[in-house]
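All remarks here apply to the structure that follows.
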Amino acid sequence: LLGRVFVTRRIDKAALGRLAAHATVDVWRERLPPSREMLSEGAARADALLTLLTDRIDGALLDRAPTVRVVANMASGYDNLALADLTERRIAASNTPDVLTDATADLTWALILAAARRLGEGDRALRAGAWRTWEPDFLTGLDLCGATLGIVGLGRIGAAVARRAHGFGMRVVAWSRTRPTAPGVDWRPLHELLAGADVVTIHCALTAETTGLIGARELALMKPTAVLVNTARAEIVDHDALLGALASGRIAAAGLDVFDTEPLPLDDPLLGLPNVILLPHLGSATVGTRARMANIAVDNVLAGLRGERLPNCVNPEVYDLI
Ligand code: GLV
């Protein structure tokens with residue numbers, strides 16, 4: 001066997017079986033994540049960690065887990081890993097990109113459509129008996145065909161959202177730090193994008209540079225009829241500024257899959273707003289996608305335990321140190 005792996009939640013059975021064929025596996029079997037203490041205890045015995053985005057992995061934890069040399073995060077985002085702390089300790093880390101691109105782009109579109117066409121309000125109105133008759137102005141929303149979609153962060157998911165947008169007859173503009181290109185997508189400075197878009201959707205990674213990227217000033221640039229969707233990370237959009245913009249009608253609606261605190265506390269004022277649709281971090285939540293994510297995380301753990309380069313390494317600079 002190649003070593004000992006702490007898997008911080010139950011994952012796809014076949015993937016776990018593949019891992020167990022080559023390594024000793026400790027699985028955290030509870031529904032809720034391990035506490036910091038339990039995470040630390042599991043890590044202390046392990047050569048590799050297979051983590052979820054709910055697990056914070058940093059230097060303090062790793063100092064108590066000196067044998068860990070691989071951290072495979074079963075997510076595309078890896079802001080839960082203090083990457084510099086890992087690199088410094090010669091620990092390679094990986095994510096699970098690509099396999100969740102389509103599922104996350106689909107979920108983004110579910111939110112775009114739901115927010116633009118007021119599906120949450122409609123569902124609640126029907127259940128409350130507020131649907132009295134067909135009315136010309138009942139719950140009228142935004143026309144998407146001919147409207148402009150503004151993509152903030154044109155990576156793999158952003159580009160997949162753009163491809164779908166063309167099917168809906170939307171014009172697509174994007175802002176991304178590295179100015180990548182994609183078919184039928186025009187690059188715009190961020191402020192220009194915000195001012196011109198009918199729908200703004202967030203797809204950049206959460207980093208020090210993107211924290212608070214969309215604040216009160218940025219929201220003030222948006223059209224009052226515009227919709228904001230976030231399926232990336234909540235901290236990219238300032239929570240209080242967004243709340244203010246939605247409550248005052250400064251923007252028309254929002255669709256959110258990610259929150260500063262997850263699960264979203266039930267006393268969060270967002271829950272009191274009719275014009276926001278809220279989902280419990282479902283971006284990659286399809287049966288097939290979650291199985292593929294688990295298998296990719298396992299592939300990375302096994303590669304790391306074998307002393308090979310991780311196929312989805314997110315801190316390749318670590319190989320200059322090893
Ligand atoms: C989920 O949020 C992910 O980053 O995969």
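Any read-out appearing in this document is the output of simple, stated calculations on the displayed coordinates, not a laboratory observation. Predicted model, so just to flag it, every value in this text is computed and none were measured. As a convention, Cβ positions derive from the backbone with ideal geometry for all residues, glycine included, and neighbour counts pool all protein chains shown.
See the values below:
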item: Using alpha-carbon coordinates, inclination of helix 156-167 to the longest axis of the chain, degrees; result: 30 degrees
item: Relative exposure of Thr211, Thr178, judged by other C-beta atoms within 10 Å (fewest first); result: Thr178, Thr211
item: Dipole magnitude (debye, nearest 20) for the range 154-295, charges at Cβ of Lys, Arg, Asp, Glu; result: 740 debye
item: Amide H contacts of Ala93 (H built 1.01 Å from N, under 5 Å, at least 5 apart or other chain); result: Val71, Val314, Asn315
item: Cα gyration tensor shape of the range 28-116, rounded if a/c is under 1.5, else prolate or oblate by comparing a/b with b/c; result: prolate
item: Extension gain, Phe138 back to Lys13 (0.36 nm per residue minus Cα-Cα distance, nm); result: 40.3 nm
item: Ala220-Ala20 FRET efficiency (beta carbon distance; Förster radius 56 Å; 0.05 resolution); result: 0.55
item: Among Pro269, Ser248, Leu305 the positive-end extreme of the charge dipole of the range 248-322 (Cβ point charges); result: Leu305
item: The range 1-152 - charge dipole about Cα centre, Lys and Arg +1 at Cβ, Asp and Glu -1, debye rounded to 20; result: 560 debye
item: Under 9 Å, Cβ to Cβ, from Gly212 - net charge with Lys/Arg +1 and Asp/Glu -1; result: -2
item: Karplus 3J(HN,Hα) series, Hz, for the range 188-195 with 6.51 cos²θ - 1.76 cosθ + 1.60 (x for Gly, Pro); result: 9, x, 4, 5, 5, 4, 5, 6
item: Ranked Val301, Val258, criterion: other C-beta atoms within 10 Å, fewest first; result: Val258, Val301
item: The range 95-107 - phi-based ³J(HN,Hα) in whole Hz, Karplus 6.51/-1.76/1.60, Gly and Pro as x; result: 10, 10, x, 6, 5, 9, 4, 5, 4, 6, 5, 4, 5
item: Structure-based [θ]222 nm, the chain - -39500 (n - 2.57) summed over DSSP H runs of at least 4, per residue, nearest 500; result: -9500 deg cm²/dmol
item: Fewest-first sequence of Ser176, Ser76, Ser248 by Cβ atoms within 10 Å of each Cβ; result: Ser248, Ser176, Ser76
item: Compactness of the chain as Cα Rg over 2.2 N^0.38 Å, two decimals; result: 1.08
item: Highest-first arrangement of 223-232, 139-148, where packing means the average Cβ count within 10 Å; result: 223-232, 139-148
item: Span per principal axis, largest first, for the Cα atoms of the range 108-172 (Å); result: 44, 20, 16
item: Loop trypsin sites (Lys or Arg not before Pro), the range 21-69, which have at most 15 other Cβ atoms in a 10 Å radius of their Cβ (DSSP); result: Arg29, Arg31, Arg45, Arg56, Arg64
item: Dimensionless Rg over Rh [the range 191-322; C-alpha; Kirkwood]; result: 1.09
